[in-house]
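What follows is a single structure, written as structure tokens, with notes after it.
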Amino acid sequence: MRERVLQVVLVVVGVIFVAGAYPLVRFFSEEPAVPMLMSIYVTLGVFLIVAARNPAANRNVIAFAGWANVAHAGVMSVQEYMRIIKPQELPGVIVFGIIGVVLVAMTPGKGALEAAAGVAAQTR
């Protein structure tokens, strides 16, 4: 059940990252760094969608996506506190933070890959 929920989360987050790129780039087009950052998120979204096929085998991708989002939310939080970014970007801080925490919490354990490999070997 947990793996199925993780698969759904990975696909949903992946689709959000891929589908949200164009509107965000258009909306924030005055900031030249946004399209660059969104190109990374689109790529990450594709990898999360692919990782949903076998989360245990893609543990590092999931962990990276989670911690990268936590780091992004942390940086944005400091920028918001220091008034470097606009207050309208605060919802983005919250969304990136939630996505990061969920992905980190749901990252399969190290033993999950060995268990998945054992199941695969038994079915042959």
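May I ask you to compute the full-extension gain from PHE64 to MET1, defined as 0.36 nm times their residue separation minus their alpha-carbon distance, rounded to one decimal in nm? Display every interim value, and only then the final one.
Values: separation 63, 0.36 × 63 = 22.68 nm, distance 2.27 nm.
Going from the current span to full extension adds 20.4 nm.
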Volume in Å³ per residue [convex hull over Cα atoms, computed for the range 2-111]: 89
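Where nothing but the Cβ of Lys and Arg (+1) and of Asp and Glu (-1) is charged, how large is the charge dipole of the range 2-111 around its Cα centre, in debye to the nearest 20? Walk me through the numbers before you get to the answer.
Values: 8 positive and 5 negative charges, 81 e Å.
The dipole magnitude comes to about 400 debye.
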Inter-label distance for VAL101 and GLU89, nm, one decimal - labels placed 7 Å from Cα along Cα-to-Cβ: 2.1
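Quick note: the coordinates plus some simple rules give every number you see, no bench work behind them. This structure is a prediction, so every number in the text was calculated from the model and none was measured. All Cβ positions, even for glycine, are placed from backbone atoms using ideal geometry, and neighbour counts span all protein chains on display.
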